[in-house]
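**Q** Please find one structure pasted underneath; my questions will follow.
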Amino acid sequence: MASWLPDTLFEIVGQGPAPSKDYYQLLITQTQVIFRWWKISLRSEYRTAKPGEIKETHEDFLENSHLQVQIALVFGARILDYVFNLCEGKFDYLERLSDKLLLKIIHYLDLEDIARLSQTSSRFAKLCKCDSLWEQIVQSACDTITPDMRALAKDLGWRQVFFTNKIQLQRQIRRKKQRQGKQKEKHI
């Protein structure tokens, strides 16, 4: 299963904690942890400082407490925990799936499960509110979708159409037709 993974498992860049202006990169490949830094300083003693790089195998990284502390200081404990998991072979395959494939999977979930999934991460929140997902859900829940309903969904969004009851939908479609009729009369 690990062969399905790209060579770069994780990458993050950022600036060191204040007052530092130094720039850092953390790159996790299938075999190495690569930590790079660039000193940014107005002090004359640092002006000639060259960029630095530490490369460690996953096994060596797990033993290198100095590098672990540096990563935690720059990127935080959460990132350090994630790097530990990657180095120990604990991959989050679900997060690595494409949005298109995840939307196909989410479509088969119950509405309660979609609501729960949307609370797990910002990526899943975005996917669970995605208009294309709700279009599929509406199509599977309704016998037919009229052109008027499609036009309304274009304005409101498919999620809103799904959660709006039938009488309210008919009322909104009727209002939209009336507005369009009035606009046509103005142009004539």
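**Q** So which helices (runs of 4 or more DSSP H) are wholly in the range 30-102 and hold at least 3 residues that are of a type in the set (A, V, I, L, M, F, W, C) and touching a helix residue (DSSP H, G or I) at 6+ places or on another chain (Cβ under 6 Å)?
**A** none
**Q** Further question: Looking at the range 72-96, which of its residues are loosely packed, with under 14 Cβ neighbours inside 10 Å and among the small types (Gly, Ala, Ser)?
**A** Ala77, Gly89
**Q** Please go through the range 106-115 and pick out each residue that is part of a helix (DSSP H, G or I) and loosely packed, with under 13 Cβ neighbours inside 10 Å.
**A** Correct list: Leu111, Glu112, Asp113, Ala115.
**Q** Given the conditions (1) of a type outside the set (A, V, I, L, M); (2) over 26 Å from the mean Cα position of the chain (by Cα); (3) modelled with pLDDT under 95; (4) assigned to a helix (DSSP H, G or I), and given that Lys21 satisfies all but one, which numbered condition is not satisfied?
**A** Only one criterion is unmet by Lys21, namely (4).
**Q** Still on this structure: Does Leu27 satisfy being open to solvent by 30 Å² or more (accessible area, probe 1.4 Å) and of a type in the set (A, V, I, L, M)?
**A** Considered against the rule, which asks whether it is open to solvent by 30 Å² or more (accessible area, probe 1.4 Å) and of a type in the set (A, V, I, L, M), Leu27 comes out as no.
**Q** So if I check each of Gln68, Gln15, which one is under 22 Å from the mean Cα position of the chain (by Cα), surrounded by 12 or more Cβ atoms within 10 Å (Cβ to Cβ) and without any contact (Cβ under 8 Å) to a residue 60 or more places away in the chain?
**A** Gln15
**Q** Can you tell me which residue is nearest to Asp92 (Cα to Cα) among those in the range 41-56 that are loosely packed, with under 14 Cβ neighbours inside 10 Å and touching a strand residue (DSSP E or B) at 6+ places or on another chain (Cβ under 6 Å)?
**A** Glu53
**Q** Within the range 138-188, which residues are among the polar types (S, T, N, Q) and within 20 Å of Leu111 (Cα to Cα)?
**A** Once the filter is applied, which keeps residues that are among the polar types (S, T, N, Q) and within 20 Å of Leu111 (Cα to Cα), the range 138-188 yields Gln139, Ser140, Gln160, Thr164, Asn165.
The values are calculated or read from the model by the stated rules, or taken from the named source; none is laboratory data. From a predicted model like this one, the values you see are computed outputs, not experimental measurements. Every residue, glycine as well, gets a Cβ built from its backbone with ideal geometry; the counts of neighbours run over all protein chains shown. In case anyone asks, the SASA skips ligands and DNA or RNA and just uses the protein heavy atoms, side chains included. Shrake-Rupley method; radii C 1.70, N 1.55, O 1.52, S 1.80 Å.
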